[in-house]
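The values are calculated or read from the model by the stated rules, or taken from the named source; none is laboratory data. Bear in mind the structure is a predicted one, so any value in this text is a computation, not a measurement. All Cβ positions, glycine included, derive from the backbone under ideal geometry; neighbour counts span all protein chains shown. For accessibility, only protein heavy atoms count, side chains too; no ligands or nucleic acids. Shrake-Rupley method; radii C 1.70, N 1.55, O 1.52, S 1.80 Å.
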Amino acid sequence: MPLKLGNDSYCNATFSAKQKNDLLLGVGVTGTCSALCCINALAMVVYLRLYKLFVYRLAMYQVMGSLLQASAMASVLLLWDFDYDNARGNNCTFSAFILQFGMWVKLMFTIQLTFHLFCYVVFFKNFKHLEKLYITLSVAIPLLMACIPFICGYYRIAGAWCYISSREDKVNCEVNCTAEDLTPGIIEQFVLYYGPATFLLALNVLAIFIMIVVLLYRAHKYRSFDRESLLAGRDQRKEILKQLLPLIVYPIIYFTFLLFPLANRI
């Protein structure tokens, strides 16, 4: 993704070859370590057979989304010691595509997790029968969003690595080029990811806030009830809530991490 440096320049020439390689190495190693952690977590889920329970499958989908995004970060190692004067277009396109697809998969699984939690906490509606729809949407929509940049050839060098870049062929951008030269690519980034992600995560935060308010209200309200009235039909809901509520941490953490790249583009 393009990094905003001094003099409003988004050009590759603002990085030295060593700086590019250092950035790629740092991001790639971080992604590789994260991917290994995700693989280990998924192996434990399979070994303990936790996937048989729907609530653990929701957590497993989050880990799978994280694994894909971490793999996208690790893929930038393909560009390490990258020859920008003789750009290996296939490597760059593959890395950019995986990055866009991985970010959208993680976003979709996060939003759908919040949707499921919201429906159960607020309305006591358990939509676990929609699991196949969750998976279908979390693959189909990211695939669509990741394929659109191919139409205009937007997957190119963007800063130190590859992502959505300018429509113009400015792989070897001069030092004095301006931010306006990359306006089409910047718009594409917001339209195809950061705009929808900001809107969806704003709804995500609102849903989390409503859930917290509802839970606090019910906790206060039920104090005035007698014990017998509470026991009737609430034990099962209470047990499910105990399993579901820890999952709310996933959307909160994801939203927090997305704030940094979003702020960099604003």
(request) Find the residue count for the stretch 208-222, including only residues that are in contact with a Leu (Cβ under 9 Å, 6 or more places away or on another chain) and more than 20 Å from Tyr250 (Cα to Cα). (result) 1
(request) Please determine, by comparing only the residues of the stretch 64-80 that are more than 30 Å from Phe127 (Cβ to Cβ) and part of a helix (DSSP H, G or I), which one is modelled with the highest pLDDT. (result) Ala74
(message) Would you confirm whether or not the stretch 257-264 contains a residue that is of a type in the set (S, T, N, Q), under 21 Å from the mean Cα position of the chain (by Cα), modelled with pLDDT under 70 and open to solvent by less than 80 Å² (accessible area, probe 1.4 Å)?
(response) yes
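Scan the stretch 26-49 and give yes if some residue there is under 16 Å from the mean Cα position of the chain (by Cα), closer than 23 Å to Gln100 by Cα and open to solvent by 50 Å² or more (accessible area, probe 1.4 Å), otherwise no.
The answer is yes; a qualifying residue exists.
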(message) Given (1) open to solvent by 30 Å² or more (accessible area, probe 1.4 Å); (2) hydroxyl-bearing (Ser, Thr, Tyr); (3) at pLDDT 80 or above, identify the lone condition not met by Tyr61.
(response) (1)
(request) Please give the number of the condition Ala35 fails out of (1) at pLDDT below 85; (2) of a type in the set (Gly, Ala, Ser); (3) more than 24 Å from Phe190 (Cβ to Cβ). (result) (1)
(request) Answer yes or no: is there a residue in the stretch 81-92 that is modelled with pLDDT of 75 or more, open to solvent by 40 Å² or more (accessible area, probe 1.4 Å) and within 21 Å of the chain's Cα centre (by Cα). (result) no
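Quick check on my filter: what residues within the stretch 101-118 are hydrophobic (A, V, I, L, M, F, W, C) and either open to solvent by less than 10 Å² (accessible area, probe 1.4 Å) or in contact with a helix residue (DSSP H, G or I) (Cβ under 7 Å, 6 or more places away or on another chain) (or both)?
Initially, the stretch 101-118 is screened for residues hydrophobic (A, V, I, L, M, F, W, C), giving 101, 103-105, 107-109, 111, 113, 115, 117-118.
Those that are hydrophobic (A, V, I, L, M, F, W, C) and either open to solvent by less than 10 Å² (accessible area, probe 1.4 Å) or in contact with a helix residue (DSSP H, G or I) (Cβ under 7 Å, 6 or more places away or on another chain) (or both): Phe101, Met103, Trp104, Val105, Leu107, Met108, Phe109, Ile111, Leu113, Leu117, Phe118.
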